[in-house]
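Read-outs throughout are calculated quantities, based only on the coordinates presented, and are distinct from any laboratory measurement. Please read all numbers here as calculations on a predicted model, not as lab measurements. Cβ sites come from the backbone with ideal geometry, for glycine too, and all protein chains shown count toward neighbours.
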Amino acid sequence: MQMLLIHSDYIEYETKKKTKIAEEIGDDMKAGRLEEALTAFIAVEKCDEANPNTVVAAAVSQIKNILEQVKADKVMVYPYAHLSSSLSAPETGIAVLKGIEAALKADGITVMRAPFGWYKSFKISCKGHPLSELSKHISVDDMADIDSCGCCGNPPKSNASNNATIASAAKATAALKANACGANVEVSEDGDVLSEALKSESVAKSYFKILGTDGVFYEPAEFDLSKNPNLAKFVNYEIAKNRAVNAAPPHVELMKRLELADYEPGSDSGNMRFYPKGRLMKSLLEMYVVDRSIVDFGAMEVETPIMYDMNHPTLKKYLDRFPARQYSIESDKRQLFLRFAACFGQFLMNHDMTISYRNMPLKMIELTRYSFRKEQRGELVGLRRLRAFTMPDMHTLCRGMPEAMTQFLAQYEFCIDVLDHIGIKLDDFEIAIRFTKDFYNENKDLIETMVKKVNKPVLVEMWDTRFFYFVLKFEFNYVDSLEKASALSTVQIDVENAERYDIVYTDSDGELKRPTILHCSPSGAIERCIYALLEKAAMVSAAGKVPTIPTWLSPTQVRVIPVTEKHLDAADAVADKIKFRVDVDDRELTLGKKIREAGTEWVPYTVVIGDKEADTGVLTVTVRSKSEPEKPYKMEMTVDELNKMIEDETAGMPYRALPLPKYLSKRAKFAS
C-alpha cells in the first residue's frame, strides 16, 4: 500500500463519471467536504492481496499516529490509484478502503470515504507545517510479525467478502495495539528471528516532541523549523516511519566509482564486498574508534563469538527485549542465531568475572566484525542499511544510576568528538533523545543539559511505559539527500540485563550488588560512517563545491605525476621522500588526463614533476581542500614542507600503508 497523508484546512470532492470498476454508491457519497482533516490518499497494491487484514491494521495504526501528532480528529479516506503502478484487484481495493474506514470509525474518529472507481474533481488546502505532507509505504512483508496471533500462533482468517474485511479490520487493529503475550522467540519461514521487542516496537505508544534550547517541549507541528531544515526532514522521517528506499542515494554511485565497495550478488542482500581502498577506510575507522575507547575511556578490548544458542535460557529472554530481526541457523540439531551486537557475549563474560567496586566503572569494547540483522529487503541500500555490519560496541558497568548518568553524559560528549574527528560535524547530524516518562520526570536536568551542550533543538520520543531494556538513549542521526535518517553514535542506560545475566559486583560494604549498564557505540556502524562521509561529499558537490574525504582516510594521500616518461625517476625520488600514502602515475597518458583522474579520485594532494621541479626540488602542489571547481589551488613547497602540512592535518589519527601497488600501471580495475 502507498499512502500520501496531507494535513489539510479542507478537502472537498465531487464525482464526475463512473468507471467499469466503480463501486455502487448513494447520493450521500457523490460529493463531500471535510475541514481540519487528515486526508489519506491511498493506493491498494497487488502485494496487499496476500493479507488485506494486516494491511488494514497497519494503515489504521499509521493514520492514528499521524492524527495524534498533528492534533486532528477527522480523516478523509481517498482512493488514489496514481500512487502506484501495481494496483490490487478492484474488490480487494474496495474491501481494504472500507476496512480502514470501519476501523477508524470504531475508534470514534470522524471519517469520510471518497468512492472507489469514480472520476472525481477535488480541492485541497495543505496546512504547510513540517508534518503536513507525509508519504507512507506499507507492505505485508513489513508486517509479518502480526500475521499470526501472538498468543496461539494461528493465522487470521482470510476475508471472503467486504463485510468480513470490515469486521476483521477492527480485530486486526486491536491485535496490533495489544501487548505481546509471553516470551517466545518466533522464527519465520525465511529464517528471521522475530522477538517480542520487535513486535512491541510496532505498537509501543510514544509521543514525539521538539525540545528547544530553552528547555521547553513543543509539538512538532507547532515548532518553527524554518531555521533547522535538516531537523525538519528528520522529524518527518521519524514520525512517518517510512524506511523503504525507492531510489539509490548518491553514495551508492560514489562507493562504486571510487572503488570502495559494491554489492555482492553471491551473498545475501545487505552483505557487501569491500575493495582495497574501502577496506583501508574501514580499518582506519575501526582502529580510531577502538583506540580512542581504550585510551580515553580505559575500555578493555575483548572478543566474543558471532553465534549463540537460541534456547540458552538467558539469551532467549534477551532476544525478546531487543527490537531486531535475526538470522538463524541450525547446527548439530541446535537452533543458533547470529549476533546482532556484542551485548550478550560481553554480559556472559561479566557474569563469570569477579568484580569489585574498585573496578567501577568497568568498560569493555569489542569491534564486532560482523553483527547481523535481517533488515527488510526494501530498506537495504548501499552502505546506509546492511544485514552484516561492523559495530564498535562498548559496555560500561556502573555503581547505580548516579554514576550511570555521569558516564552517560561523558559518553555523549565523547561520541560528538569521535564523529567530529571522523569528519562528521555537529551540524551534519540531528539528535534524537528517547526516554520513559518516569525517567524524564526524575532526571529533567540531564536531558536539558544534553540539549544545551549541542545548542540546537532535538527530537524527543517519550514512552508512557517502558517496553525495552533501557530507560534513556540518544542517537546521532545523519539525514541524507533522500531525506532518510540513519543512526550513528548511540548510548543507552540499561536497567534489566544485570539481573537477567546475573551480573554482580562487591560493593564497599561487602554486599553483592547489581550494576547499571551503559551500551555505547561511539561511532555507530563503521560502514554507515563511510556512507555519511560520501553523502556529505555529494551534497558539497551538488552545492557547486569540491567534494573531499578527510586526508587521514583518503586511500591515496599524495599522487605524484611525472610530466613525461623522462621525469619518472625524479617523480620516484620525490615519492620516496613522502612519509604518507603516495602513488605514482606512470601510465602512458596525457598529463591532463592524469591530473583529471587524480581529481575524480579525490586525491588530497597532487604533485606534478617536470623539469623545473626536478632541477630545483620545489614542488607545485594542488591542494584539493582549498580548490574550487575549475580553479585548482596550487602551492609551491618542498617535500619536507608537504610532509609537515599532512602531518599537522592528520595528527592523532591512525595510519596504514597504501593498500595498492605504488605504480598506477600495475593496478587492476575493481569497478568498470
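Could you list GLU303, GLU630 so that the one with the fewest beta carbons within 10 Å of its beta carbon is first and the one with the most is last?
Ranked by crowding around the Cβ, least crowded first: GLU630, GLU303.
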Degrees between helix 162-177 axis and first principal axis of the chain (Cα, 0 to 90, nearest 10): 50 degrees
Global geometry of the stretch 446-486, whether rounded, prolate or oblate, following the gyration tensor of its Cα atoms and the 1.5 cut on a/c: oblate
For TYR327, residues with placed amide H under 5 Å, excluding near neighbours: VAL193, LEU338, LYS374
³J(HN,Hα), Karplus 6.51/-1.76/1.60, whole Hz, each residue of the stretch 373-383, x for Gly, Pro: 9, 7, 5, 5, 4, x, 9, 7, 7, x, 9
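Please arrange ASP48, ASP428 by how many other C-beta atoms lie within 10 Å of their C-beta, fewest to most. Walk me through the numbers on the way to the answer.
Details: ASP48 28, ASP428 19.
The order, fewest Cβ neighbours first, is ASP428, ASP48.
What is the stretch 73-141 by shape, rounded, prolate or oblate, if you read a ≥ b ≥ c off the alpha carbon gyration tensor as root eigenvalues and call it rounded for a/c under 1.5, prolate for a/b larger than b/c, and oblate otherwise? Write out the running numbers ahead of the final one.
Values: a/c = 1.36, a/b = 1.18, b/c = 1.15.
Cα axes put the stretch 73-141 in the rounded bin.
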Within-10-Å neighbourhood charge of ILE294 [Cβ basis; K, R +1; D, E -1]: -1
Helix 400-422 vs. the chain, principal-axis angle (Cα, 0 to 90°, nearest 10): 60 degrees
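Given axes a ≥ b ≥ c from the Cα gyration tensor, I'd like to know whether the stretch 551-666 is rounded (a/c under 1.5), prolate (a/b larger than b/c) or oblate. List each step's numbers first, then the result.
Numbers: a/c = 1.28, a/b = 1.26, b/c = 1.01.
Verdict is rounded for the stretch 551-666.
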Cleavage-rule hits (trypsin sites (Lys or Arg not before Pro)) in the stretch 616-656: DSSP loop, at most 16 neighbouring Cβ within 10 angstrom: ARG656
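So if I place +1 on the C-beta of Lys and Arg and -1 on the C-beta of Asp and Glu, and nothing else carries charge, what would the dipole magnitude of the chain be about its Cα centre? I want it in debye, nearest 20.
Numbers: 87 positive and 98 negative charges, 242 e Å.
Rounded to the nearest 20 debye, it is 1160 debye.
With respect to the cross-link table entries LYS46/LYS120; LYS536/LYS593; LYS74/LYS444; LYS233/LYS545, which display a Cα-Cα separation exceeding 30 Å?
Numbers: LYS46/LYS120 23 Å; LYS536/LYS593 26 Å; LYS74/LYS444 35 Å; LYS233/LYS545 23 Å.
Those over the limit are LYS74/LYS444.
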Lys/Arg +1, Asp/Glu -1 at C-beta; the stretch 551-666 dipole; positive extreme among THR564, VAL621, LEU658: LEU658
Local net charge near THR213, Cβ-Cβ under 10 Å (Lys/Arg +1, Asp/Glu -1): 0
Kirkwood hydrodynamic radius of the chain, from inverse mean 1/r over distinct Cα pairs, in Å: 27.8 Å
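To the nearest 500 deg cm²/dmol, what mean residue ellipticity at 222 nm is calculated for the chain from DSSP H runs of n ≥ 4 alone, each contributing -39,500 (n - 2.57), summed and divided by the residues? Mind dumping the intermediate values first?
Numbers: 18 runs with 217 residues, N = 672.
One gets -10000 deg cm²/dmol as the mean residue ellipticity at 222 nm.
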In range of the label at THR213: residues from the stretch 412-456 whose backbone nitrogen is under 13 Å from the point 7 Å along Cα→Cβ: 427, 451-456
Vicinal HN-Hα couplings computed from phi for the stretch 58-72 (Karplus, 6.51 cos²θ - 1.76 cosθ + 1.60; Hz; Gly/Pro x): 5, 5, 4, 4, 5, 4, 5, 4, 5, 3, 5, 5, 9, 6, 10
